[in-house]
Amino acid sequence: MSGLRILVPVKRVIDYAVKPRVNRTQTGVDTNVKHSMNPFDELSIEEAVRLRERKTPVQEILAFSAGPAKSADIIRTAMAMGADRGIHVQCNEGEELEPLGVAKLLKKVVEGEKSDLVILGKQSIDDDAAQTGQMLAGLLGWSQATQASKVQIEGDSVTVVREVDGGVETLKAKLPMVITTDLRLNEPRYASLPNIMKAKKKPLEKKTLKDYGLDTAPRLKTVKVTEPPARKGGVKVDDVDGMISKLKELGAL
Amino acid sequence: MTSANPALRHQVKRIYKELLYMGKDFPQGYDYFRTRLHKAFMSQQHIDDEEKIKKGIERAEFVRKEIEALYFLKKYRTLRHTYDKF
């Protein structure tokens, strides 16, 4: 085996520190704010780089993103963190892909680039769908390990510790496979200025959806986007009797 | 303001630029960070002893690492509060 070819898809999302606001027409959120890389995707890049640093034979780390022109910056960040090259599939603003569309696209990329390990973030912090990894594994017919908190590779067998409700689960599978990352997998490094500068020299391929010849027409229709109801303030009661009558009033007793 | 050692001068400028770049993500905003960073560096401009300049660069490196850690923790905590309800 000549070494792993790892594919790491990343997404450009609204920065985690920004509070999203619904736009006036209630069709979506205001996108004219600071964007950055999806934090869960940072974890997957970091894990790919750490696999290489742990002397696992890694031939190549390929960062991939599909989105508007500015997604290229996110791929640069990924390359600053340690990816070797990038592919950017450009789509127009407002024509974002759905998880199924992304999974189909990734399948084509995996086949084209002969990747044998795909590390994705478990979900993006904007749509919170948590579907792409699973759909990709299904389309490819590969093993999948979601919400990984530890990844070990020996030869072509992969041991993944994953976080499940109420504990952890250890999975063993053969390559090729799909892994999605959970929050406690590692501590992503900071993409420093010198590394960003160096990343500008790394190759970044630009493609369009047409190059892959896919039907990615949206299957879902957003009817309306609204803010969650504001939290109502509590009331102070004078004494125990007051509290009990209040509880009765609310039907809790 | 002529520095005795051009190599050190270059190093100081480099770490200053790096810190400035990091300041774009600072929680209190870039302007808050930039004014304070500038002040911190200007307060040291009279130093012309090479050893002391090296100490200063080391301190700047330390601050850089601290800010990196701050960003990581802030992100981790925000995500934890968002996704882990315990």
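The values are calculated or read from the model by the stated rules, or taken from the named source; none is laboratory data. All of these numbers come straight from a predicted model, not from anything done at the bench. Every residue, glycine as well, gets a Cβ built from its backbone with ideal geometry; the counts of neighbours run over all protein chains shown. Ligands, DNA and RNA are excluded from the accessible area calculation, which covers all protein heavy atoms including side chains. Shrake-Rupley method; radii C 1.70, N 1.55, O 1.52, S 1.80 Å.
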Taking segment A:199-228 only, how many residues are closer than 27 Å to A:Glu96 by Cα and either among the basic types (Lys, Arg) or exposed (fewer than 10 other Cβ atoms within 10 Å of the Cβ) (or both)? 17
Just give me the residues in segment A:136-162 being crowded, with 21+ Cβ neighbours inside 10 Å and assigned to a helix (DSSP H, G or I), in sequence order. A:Leu136, A:Ala137
Between A:Gly141, A:Gly155, which is at positive phi and over 21 Å from the mean Cα position of the chain (by Cα)? A:Gly155
Looking only at residues in segment B:2-54 that are open to solvent by less than 80 Å² (accessible area, probe 1.4 Å) and aromatic (Phe, Trp, Tyr), which one is nearest to A:Val18 (Cα to Cα)? B:Phe26
May I ask you to list pairs of residues, at least six apart or on different chains, whose Cβ atoms are under 6 Å apart, with the first in segment B:59-86 being more than 11 Å from every other protein chain (Cβ to nearest Cβ) and the second being assigned to a helix (DSSP H, G or I)? B:Ala60/B:Ile15
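For segment A:9-32: of the residues being more than 14 Å from chain B (Cβ to nearest Cβ) and among the aliphatic types (A, V, I, L, M), which is least open to solvent (accessible area, probe 1.4 Å)? Give the steps one after another, and end with the answer.
Residues of segment A:9-32 that are more than 14 Å from chain B (Cβ to nearest Cβ), as a first pass: A:9-12, A:21-32.
Cutting the leftovers down to among the aliphatic types (A, V, I, L, M) gives us A:10, A:22, A:29.
Working: A:Val10: 10, A:Val22: 38, A:Val29: 61 Å².
Once the filter is applied, the top-ranked residue is A:Val10.
Keeping to segment A:189-244, report how many residues are assigned to a loop (DSSP other than H, G, I, E, B) and among the aromatic types (Phe, Trp, Tyr).
We begin by selecting, within segment A:189-244, every residue assigned to a loop (DSSP other than H, G, I, E, B); these are A:189-192, A:200-203, A:213-239.
Next, only the ones that are among the aromatic types (Phe, Trp, Tyr) stay: A:190.
Qualifying residue count for the region: 1.
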Can you pull out every residue in segment A:34-69 that is touching a residue at least 12 places away in the same chain (Cβ under 8 Å), more than 14 Å from every other protein chain (Cβ to nearest Cβ) and part of a loop (DSSP other than H, G, I, E, B)? A:Thr56, A:Pro57, A:Pro68, A:Ala69
Determine which single condition A:Gly167 fails, assuming it passes every other condition in (1) open to solvent by 40 Å² or more (accessible area, probe 1.4 Å); (2) over 29 Å from A:Ser36 (Cβ atoms). (1)
